Structure formats: C-alpha cells, structure tokens
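Rule-based calculations on the coordinates, nothing more; no lab input. Note that the coordinates shown come from a computational prediction; the quantities given were computed from them, not determined experimentally. Counting neighbours? That spans all protein chains shown, and the Cβs are built from the backbone with ideal geometry, glycine included.
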Amino acid sequence: MSETRTGPAGNIPEYTVSEISGAVKRTLEGAFGRVRVRGEITELKRYPSGHIYLSLKDEGGKIAGVVWKSAVPRLGLEPENGVEVIAQGRITAYGERSSYQLVIERLEYAGAGALLARIEMLRLRLAGEGLFDAARKPPIPLLPRVVGVVTSERGAVIQDIRTTILRRFPRPILLWPVAVQGEGAAAQIAAAIAGFDALPEGGPVPRPDVLIVARGGGSLEDLMAFNEEAVVRAAAACRIPLISAVGHETDTTLIDFAAARRAPTPTAAAEMAVPSRSELAADLAQKAARLIGALNRLSQECRLRLQRAERGLPDLPALVGTARQRLDDRAARLLLALPNLVAARRAALVDVERHLPAPWQIIQARRNAMALLGQRLRSGLQHATAQRREGAARITHRLTDAPLRAALREARSRLEGIAGRLEAVSPEAVLKRGFILVFDRKGAPVTQAAAVKPGAELRLHFADGDVRTVAGGRGEQRQGSLAL
C-alpha cells in the first residue's frame, strides 16, 4: 500500500478510493483463493461477447458470478436458472462498482437431488412439446439389413452387442464411436444420431435399418450426457427406429422416453434389434406344420363333403338305362300312332263327305239365289227411276214459275252492272287505251324515271303482250332501246 497520510483528525489514516478497492481485492483473493461455492443459479444472462453472468443464492444470501468466454467450453454443464450447483473458481473484487464476484471456472450439480430436479424439469418441458408421443416413434423392423451402434469403441458394450447379434442372426454392424461421458459427450452422441439419420439410401455408406444407443452402467453424473436436451431432441427427430440401452435395468435417462424402444441392457438391445435365427426357424417350422395340418384337415373335410355329395347323387347308369328304355317305348308308340292318326283322319273325312250335298245341288241353289237377287235389283231400279222423274218434274215446274223468272232477271241486271264497273277499272282496259307497264329484270314495277339507270334491262307490258328493251341516256334515241 502507498504511503498513508494523516489529517487534522489525528492518527486515522487517509486512503484513496483506488487504494481501498485494491486493498479489498487483494484481501479477498489472498484470503479465499480458489473456492467451491454451492447455491442455486439465478439471474442467468448470456452476452453477445460469449461471457455468462449469473448469481448463486441460498436461504441467507446471494453472490454474483461470471463465466468468461474462454471457460465456457470447459464448464462441465449447461447452466440453467433454478438448478442447484457447486461452482468452482476464484473470488475477486470489481472496484468500479465496489462489488465482489466469483469468477467461475467449472460447474457441477450439487448432488443427485439437483440432477434429478433438472432432469424432471427438462422431461416435463420436452413432454409438453410432444417429443415423447408414441405416434412419433417408428416400428422396429423384423430383420434389419444393417445395425447402427452409437457407443464407445472401447469397453464391453460393443463386444456384447457384436456377440449377441452374431449368435442370434449375423448382421453387418456400423459403429459410430463417441464419448459416453464427460465434456462434449452429449454433442458427440447427438451428432452421431443425426449423422446416421442423414445417410442416404443406396449411398456408399449403408444406412442402418435400426439404431442402438448404448453405454454401460454408472452413476447419475456419468449418465448425464444421455439426459441432455440436444441428445433427446436428436433421438426424437431420428427417422431410424432407435433403441436406447443406457446403464442398468434400474437406470432411466431422458433418451429412453424419446427412443422407439428401451432396453435394460446393451445385450437386450441387440436381442430387440435382430431376431433369433433358431427361434425364427422353429417358428417357421411350427407354422409350416400348422399350415400342413390345416391343409390336411381342409383336404379331409373336402373329401368328406365330396363323399356325402356323391352319396346324394342318383345312380347315373340306372338313370341312363331308364331314359333309354323310355326312348324306345316312345319310338314304338310313335310308329303305331302315325298309322292310327292317318286312319282316324280318313274316317272323319269320309263321314264329313257323307253329310255334304251334291255339287249340282249347291250350284242350282246359288243360281236360284242369284236370279232372285237380279229380280229384286230390277224392281228397285225401276222404282228409283220413277221417283227421280217425279222429282225432276216438280223442280221444272218450280223453275217455270213467274216470280222465279223475275228474280233471275233482276240478278242478271245487277251482275251486268257490276261487270261494267269492273271492266272500267281493269288494268287491261287501261292498257288498251295506249298505256304500258314497265318492269325491271327482276319483275318489280318501275314507277319513276330516276330509278332507271342507263343500260338497264326493262320489260314493257302492252295489252297484247310484252317487249324487252334496254334503257338509254336521257333524250337518246336508238334502235331496239327506249329513251327515257
């Protein structure tokens, strides 16, 4: 510390603000050094610079904390509000604000209770988004062509899976090695799942038909990579049926909820992925035996049904013999029936002939009837002629009556007057007085000279006939034309 100064107040030393801030900072950093602080994360903020600012609190107090950008990748977990953690770092003072803070270098969950609370909170949130719905999960194929495995390339897990698949039904195994715990494990697992899902069908690298994500047992902290949100979302989005086999049978991670199936162990996952060849062969043999038995039973039932139908059918040879005998009988009766029919018809004809009159008698009767009709016709004609003559005489007598003759004379006079008037207005009478009618070539009457163009064909109608001519110009005279 720089030299102290005394003032009028006596022996009380006098310091500058910077001196006090520096002294406090040195005291804090010297007294505490590196510390581990337990508390609940609150007031979490991420800045564009990459730094993270937060606070740790408990029932009695709160301390500010900061995670520099360079320490974020090595932090150990993703900080979230409401999670109880143990922060490891250094206590330092920030003189410009007269505050102290914890420079955090690493975070870890504060016991299993904090881990479980965080996992449950994340599970509820992802379940609310529908990531665990059964409708999203594709079915496991019966016999996959390729089995994909996401696990560590070292350890007993991959060996157990290989041994189980080889024993049950040998299938090609495509391994994507990842770290199954520690920093970056969650990112590697999520990338492996997404990488398998992105493989194209028929590409150079075969696309698996089923995917196994596995690791051996461990503590809750060791299995935390499979509880990370990125891993769970990658498993839920994977279109390849995924089997999770993380930890032992009693261990449950969030990837189990998003996977299509959950296996208690990696060995059980391999058993779910591929069927047992011996079991398939036994099942096939059993089904073949059942099929053969069913066919035999069906054949036996058909045979019995055919036998029963056969017993119900009549004796065909007997039917044919009866029909043949009936045919012979009908043929014999037909041979006898024809002569009998002819004889019966002949007898009937003779009997009818016996009752018929002689032809000359019929002719004489018809002749007598004709003579009678002729006599009646002559009498009727004479009577009708007499009646017509009497009628004509009466009509002639009426016509010669004086009033009738007077009426006829009056009607004749009236008719002659009407005929004279009609003759006076008749167009033919006008034409006889020297007038003519002019028609164009279509037969339409021409009533004005202006309507006639030079060279137009005209028809002149006189009282005794027609004359055709061609119109010339005004005042023009020429042979065979009419000047208008």
note = With label points set 7 Å from each Cα along the Cα-to-Cβ direction at residue 280 and residue 381, the distance between them in nm comes to 12.2
task = Taking the chain as the reference, fit the longest principal axis to its C-alpha atoms, fit the long axis of helix 316-355 to the helix C-alpha atoms, and give the angle between the two in degrees, 0 to 90, nearest 10.
result = 20
key: Options 273, 430, 143, ranked by Cα towards positive dipole end of the chain, top entry (Cβ charges)   = 430
message = Ignoring solvent entirely, what values of log10 I(q)/I(0) come out of the Debye formula for the stretch 315-401 at 0.16, 0.17, 0.21, 0.24 Å⁻¹ when each Cα is a single scatterer?
response = -0.88, -0.91, -1.01, -1.09
message = For the chain, compute Rg over Rh where Rg is the Cα radius of gyration and Rh is the Kirkwood radius from the inverse mean 1/r over Cα pairs.
response = 1.71
query = Under a no-solvent Debye model with one identical scatterer per Cα of the stretch 107-162, what's log10 I(q)/I(0) at q = 0.24, 0.25, 0.28, 0.29 Å⁻¹?
reply = -0.91, -0.91, -0.99, -1.02
message = Placing unit charges on C-beta atoms (Lys and Arg positive, Asp and Glu negative, everything else neutral), compute the dipole magnitude of the chain about its Cα centre in debye, rounded to 20.
response = 5380
query = Relative to the longest principal Cα axis of the chain, at what angle does helix 359-399 sit, 0 to 90 degrees, rounded to 10?
reply = 80
key: Degrees, to the nearest 10: 17-32 long Cα axis against longest axis of the chain   = 80
message = If you take every DSSP beta bridge fully contained in the stretch 14-109, what fraction is antiparallel? Give it as a percent rounded to 5.
response = 90
query = In a shell of Cβ-Cβ distance under 15 Å around residue 214, excluding residue 214 itself, what net charge do Lys and Arg (+1) and Asp and Glu (-1) give?
reply = -2
key: Separation in nanometres of the label points that stand 7 Å from Cα toward Cβ, at residue 320 and residue 355   = 5.4
key: Sparsely packed GluC sites (Glu not before Pro) within the stretch 175-241, loop by DSSP, other Cβ within 10 Å at most 12   = 201
remark   = If the chain between residue 333 and residue 12 were fully extended at 0.36 nm per residue, the gain over the current Cα-Cα distance would be 99.1 nm
task = Work out the count of Lys pairs in the chain where the Cα-Cα distance is under 24 Å, with the pair 8 or more places apart or on different chains.
result = 8
task = Treating the Cα atoms of the stretch 14-109 as identical point scatterers in vacuum, please give the log10 of the normalised Debye intensity I(q)/I(0) at q = 0.14, 0.19, 0.26 Å⁻¹, two decimals.
result = -0.52, -0.90, -1.38
task = Give the percent of DSSP beta bridges with both residues in the chain that are antiparallel, rounded to the nearest 5.
result = 65
task = Let me know the shape class of the stretch 250-309, please: from the alpha-carbon gyration tensor, a ≥ b ≥ c as square roots of the eigenvalues, rounded when a/c is under 1.5, otherwise prolate if a/b is greater than b/c, or oblate.
result = prolate
note = About its Cα centre, the stretch 159-301 carries a charge dipole, from +1 on Lys and Arg Cβ atoms and -1 on Asp and Glu Cβ atoms, whose size in debye to the nearest 20 is 740
key: Pairwise label distance in nanometres, residue 220 with residue 442, each label 7 Å out on the Cα-Cβ vector   = 11.5
query = Put +1 on the Cβ of each Lys and Arg and -1 on the Cβ of each Asp and Glu in the stretch 322-372; which of 360, 335, 323 then has its Cα farthest toward the positive end of the dipole?
reply = 323
request  = Using only the alpha-carbon atoms of the stretch 173-259, report the extent along each of the three principal axes, biggest first, to the nearest angstrom.
outcome  = 40, 24, 22
message = Restricting to DSSP H runs of at least four residues, report the calculated mean residue ellipticity at 222 nm for the chain, -39500 (n - 2.57) per run over all residues, nearest 500 deg cm²/dmol.
response = -16000 deg cm²/dmol
